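One structure below.
Bear in mind these aren't lab numbers, they're just calculated from the coordinates by the rules spelled out. Just so it is clear, the structure is predicted and the values come from calculations on it, not from any experiment. As a convention, Cβ positions derive from the backbone with ideal geometry for all residues, glycine included, and neighbour counts pool all protein chains shown.
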Amino acid sequence: MPILLRNATLATMAQGYGLIRNAALVTEGDRIAFAGPEADLPQVYAGLPARDMDGALVTPALIDCHTHIVFGGDRAKEFEMRLNGASYEEVARAGGGILSTVRATRAASNSALLAQALARADQIIAGGAAVIEVKSGYGLTVADELKMLRVARRIGVERGVRVKVTHLAAHAIPPEYVGRAGAYIDEIAIPSLRLAVAEGLVDAVDAFCEGIAFQPAEVERLFLAARDLGIPVKLHAEQLSDLKGAVLAARYMALSADHLEYLGPDGVAALAQSGSVAVILPGAFYTLRERQMPPIADLRAAGVPMAVATDCNPGSSPMTSLTLAMNMACTFFRLTPLEALQGTTIHAARALGMDDCGVIAAGKRADLCVWDARHPAELSYRIAATPLRARIFGGHLDA
Ligand code: DI6
Ligand code: FE
């Protein structure tokens with residue numbers, strides 16, 4: 001059934017907010033057929049039963065372009081350890097951190113993993129996301145990474161959202177490969193990537209480039225394999241230190257470089273040149289009580305598009321609210337509310353290599369959010385609010 005919205009306030013995000021008051025919008029199938037001033041509504045649509053939006057704000061549906069929502073167990077105990085004084089790196093080196101989630105993920109059945117991931121996905125969807133990126137990276141064996149990737153794919157089948165699946169076997173070094181990170185890349189990361197690509201499970205390849213994880217030279221071997229397979233790359237870069245991960249990612253024309261608290265001027269320039277998106281993850285900054293801020297002003301000045309995501313994961317960002325991530329990006333990092341909303345719409349789409357969503361325009365996907373708000377700045381301004389009134393995902397209205 002086509003949908004006609006009238007008397008809406010559209011934030012099309014086509015240029016800046018692209019605000020249109022007294023707007024009409026028509027969907028046909030899963031596409032937007034018309035979006036613009038009511039006065040310009042083509043006659044053919046004028047007879048459709050209309051829904052009066054009474055001035056309510058309509059934006060593109062949100063996009064969470066960086067999550068780790070497939071995992072077993074939880075890390076509340078680690079949270080308590082940290083509150084008793086341990087640092088994130090100390091927790092990781094003591095066999096806690098990512099590795100405790102790896103144990104729980106390996107032990108979990110497919111159906112248990114899926115059920116837990118769906119619960120998290122449902123919260124992100126309830127906040128307005130129609131596209132969710134989901135990473136592997138808690139299996140760290142060929143079989144367990146494939147298990148995670150299959151569960152990630154399944155989320156999109158079970159729910160009316162699109163899921164982009166990212167292979168992140170190079171997320172941590174499992175106990176059986178301690179001191180042999182290079183062997184892990186050759187024996188687990190690259191073989192699991194090849195098998196997963198053959199099974200249609202991979203939309204992008206990611207790695208954690210960090211002192212406690214993989215060195216740039218190891219990441220580069222994985223990127224070369226990805227290039228051979230024709231799969232785009234992204235990178236967790238400069239989260240805890242500056243290993244020049246963003247420079248490496250830019251050389252491989254990465255879709256995005258993510259975190260970036262310790263990004264230097266060379267990294268900013270490299271991202272500007274490659275056109276990669278800088279994905280800002282304030283949930284991890286907040287949880288780790290990080291002090292170093294990503295160089296937002298430099299990224300802005302260099303024209304690097306910035307995205308904002310939840311980074312939902314059990315360790316450093318147990319957060320499922322994109323509007324909270326937007327609020328944190330503004331308050332901690334001084335993004336403007338416009339940049340925050342671009343970060344969860346048009347720039348998030350780009351971080352996933354998608355060009356059919358994240359903006360409201362004829363021909364784009366009919367993925368829309370109707371908000372109990374009159375101006376888009378309200379979405380970033382309110383703390384942990386979910387002022388979502390209705391969703392239209394793929395042309396289906398869910399009020
Ligand atoms: N950086 C992060 O903040 C998460 N992964 C990563 O590469 C942490 C994941 C975890 O602690 O479980
Ligand atoms: Fe992450």
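With all projection directions averaged, the alpha carbon convex hull of the stretch 318-391 covers 5.4 nm². Modelled spin labels at T336 and L224, positioned 7 Å past Cα toward Cβ, are 4.4 nm from each other. By definition, a body whose alpha carbon gyration tensor gives a ≥ b ≥ c is prolate when a/c is 1.5 or more and a/b is larger than b/c, and the stretch 281-338 fits this prolate description.
A simple count of charges around E145, restricted to other residues whose Cβ falls under 11 Å of its Cβ and scoring Lys, Arg +1 and Asp, Glu -1, yields +3.
Largest first and in whole Å, the equivalent-ellipsoid semi-axes of the stretch 233-340 read 21, 15, 12, each the square root of five times a Cα gyration tensor eigenvalue. Here the contact order of the stretch 316-399, divided by its residue count and restricted to Cα pairs under 8 Å and six or more residues apart, works out to 30 percent. Arranged from fewest to most other beta-carbon atoms within 10 Å of their beta carbon, E339, E290, E145 become E290, E339, E145. Counting only Cα atoms, the chain measures 68, 43, 42 Å along its principal axes, largest extent leading. Calculated [222 nm] ellipticity per residue, helices only, for the chain: -10500 deg cm²/dmol; basis is -39500 (n - 2.57) per DSSP H run with n ≥ 4, divided by all residues, nearest 500.
Pair-distance distribution of the stretch 25-172: all C-alpha pairs, bin width 5 Å, starting at 0; shares per bin in whole percent are 2, 8, 15, 15, 13, 12, 9, 7, 6, 5, 5, 3, 1, 0. Three principal axis extents describe the C-alpha atoms of the stretch 133-196; from largest down they are 43, 18, 15 Å. Between S317, T12, V157, the Cα set farthest toward the positive side of the dipole of the chain (charges on each charged residue's Cβ, about the Cα centre) is that of V157. Panel note: the C-alpha atoms of the stretch 147-257, placed on their principal axes, show extents of 39, 30, 27 Å (largest first). Note on the chain: with a GNM built from Cα contacts shorter than 10 Å, the maximum mean-square fluctuation among P314, P282, P49 falls on P49. Given C-alpha coordinates of the stretch 72-124, what is the ratio Rg to Rh with the Kirkwood estimate of Rh? My calculation of the ratio gives 1.06. Across the stretch 176-227, the convex hull enclosing all Cα atoms gives 77 Å³ per residue. Between D52 and D398, the modelled labels are 2.8 nm apart [label points 7 Å from Cα along Cα→Cβ]. Annotation: the residues S111, S241, S276, sorted from fewest to most other C-beta atoms within 10 Å of their own C-beta, follow the order S111, S241, S276.
Using a cutoff of 8 angstrom between alpha carbon atoms and counting only pairs six or more residues apart, the relative contact order for the stretch 209-364 works out to 17 percent.
Modelled this way, with points 7 Å down the Cα-to-C-beta line, the labels at E89 and A76 are 3.0 nm from one another. Which angle from 0 to 90°, rounded to the nearest 10, does the C-alpha axis of helix 265-274 make with the longest principal axis of the chain? Computed tilt is about 60 degrees.
One decimal place: the segment Q273-S111 gains 54.0 nm when fully extended, by the rule 0.36 nm per residue minus the C-alpha distance. If you take the Cα centroid of the stretch 204-224 and the Cα centroid of the stretch 358-399, the two points sit 36 Å apart. Of A39, A117, A196, the residue with the greatest mean-square motion in the GNM of the chain, using alpha carbon springs below 10 Å, is A39.
Annotation: amide H of A307 within the under-5 Å range of A278, V279, I280, sequence separation 5 or more or interchain, hydrogens built in the peptide plane. The relative contact order of the chain, computed from alpha carbon pairs under 8 Å that lie at least 6 residues apart in sequence, is 19 percent. Note on D40 and L195: the extension gain reaches 50.7 nm, defined as 0.36 nm multiplied by sequence separation minus the Cα-Cα distance. As a size descriptor, the averaged projected area of the C-alpha convex hull of the stretch 1-64 was calculated at 4.7 nm². Listing T287, T27, T386 from fewest to most neighbouring C-beta atoms within 10 Å gives T386, T287, T27.
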